[in-house]
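Note sheet for the following structure.
Taken together, the values in this text are just the output of simple stated rules run on the coordinates, not laboratory data. Please read all numbers here as calculations on a predicted model, not as lab measurements. Every residue, glycine among them, receives a Cβ derived from its backbone with ideal geometry; neighbour counts consider all protein chains shown.
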Amino acid sequence: MPRVSRRAALRDGLRAYGLIVGMWMRSTMAYRASFVMTAFGNFAATAFDFVAILLMFAHVDALGGYSLPEVAFLYGTSATAFGLSDLALGSMDRLGRRVRDGTLDTLLLRPVPVLAQVAADRFALRRLGRIAQGLLVLGYALLTVDIDWTVTRALMLPMMVLSGAAIFSAVFVAGAAFQFWAQDASEVQNSFTYGGTTLLQYPPTLFAKDLVRGVTFVVPLAFVNWIPALYVLGREDPLGLPDLAAFLPPLVAVVCCALAGVAWRAGLRAYRSTGS
């Protein structure tokens, strides 16, 4: 596809996504009390993850050699990055259901990119609760953690969150593309998205090196927060990676998004409807 056409397609997709999201937001805000309650419920449900960490630290002084503020820093960066991605693309795990019941065919008939329609379908504004909870924990971590702040380390923080959100978004899209073939694989997708953010909330020193290598070089979730956070916290990388690796998350995010786009187009071309 020519570069101009790709840009036009991207622009049309983003515009369609925004229009569909706006429709669902207006629908949600028509019942504001319901929105507030569901958002608080989302906040409370995700907060139990950090409560579990607090219970652990009620019995130990360190977890994998990391103090509570350091673990809170890992938790906050991972939860915030994932929350942004979950808000934008959390509906992608419904694709398998659409493939099975044939409702994906209706999306193909519309003059709107399918990815934009699937991503914005039933946009859940209540997921702001997860983002708020992650930001609160991150704020606590920044107030209590012992970091030798420099300009580079300060700029690393927004880079981690934004790049991490992009990496998680790529995993959402790639997992949805896999469902074109598997059709009933939403839990496989969730193991890398929801399971991935849970993994990243704990220090890498808790896990076997083979697992750490897997989420660094195979599914590069470690670039969401582990690798840059080790640089910010002044910790040694368990894999012995150079400090330069901490600056790679934006590049990793671009590569992951490009590969996810290729996987999505391949899956969409392979789709043969339910009547085949």
Quote the Stokes-Einstein diffusion coefficient, in whole µm² s⁻¹, for the chain, based on the Kirkwood radius over alpha carbon pairs, a temperature of 20 °C and a viscosity of 1.002 mPa s. 108 µm²/s
For the stretch 1-76, what is one quarter of the convex hull surface built on the Cα atoms, given in nm²? 9.1 nm²
Mind computing the radius of gyration and Dmax over the alpha-carbon atoms of the stretch 126-180? Å is fine for both. 15.1, 48
Quick one: work out Rg over Rh on the C-alpha atoms of the stretch 211-276, Rh as Kirkwood radius. 1.21
For the stretch 33-52 versus the stretch 122-149, the gap between their alpha-carbon centres in whole angstrom: 13 Å
With -39,500 (n - 2.57) per DSSP H segment of 4 or more residues and division by the full residue count of the chain, the 222 nm estimate, nearest 500 deg cm²/dmol, is -23000 deg cm²/dmol
The stretch 104-202 - Rg (one decimal) and Dmax (whole number), Cα, Å: 17.5, 56
I need two numbers for the stretch 119-276: Rg to one decimal and Dmax as a whole number, Cα atoms only, in Å. 17.3, 61
The answer for the chain, counting only DSSP H helices whose Cα atoms cover 18 angstrom or more along the axis and whose Kyte-Doolittle average is -1.0 or greater, is 3-29, 32-57, 68-89, 128-144, 151-182, 186-200, 249-270
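Find the Cα radius of gyration of the stretch 177-229, compare it with 2.2 N^0.38 Å by division, and give the number to two decimals.
Output field value: 1.25.
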Relative contact order as a percentage, the chain, C-alpha pairs under 8 Å and 6+ apart, gives 26 percent
Here the Cα Rg-to-2.2 N^0.38 Å ratio for the stretch 152-210 is 1.37
Given the chain, longest segment not containing exposed loop chymotrypsin sites (Phe, Trp or Tyr not before Pro) (DSSP; at most 11 other Cβ within 10 Å): 150-276
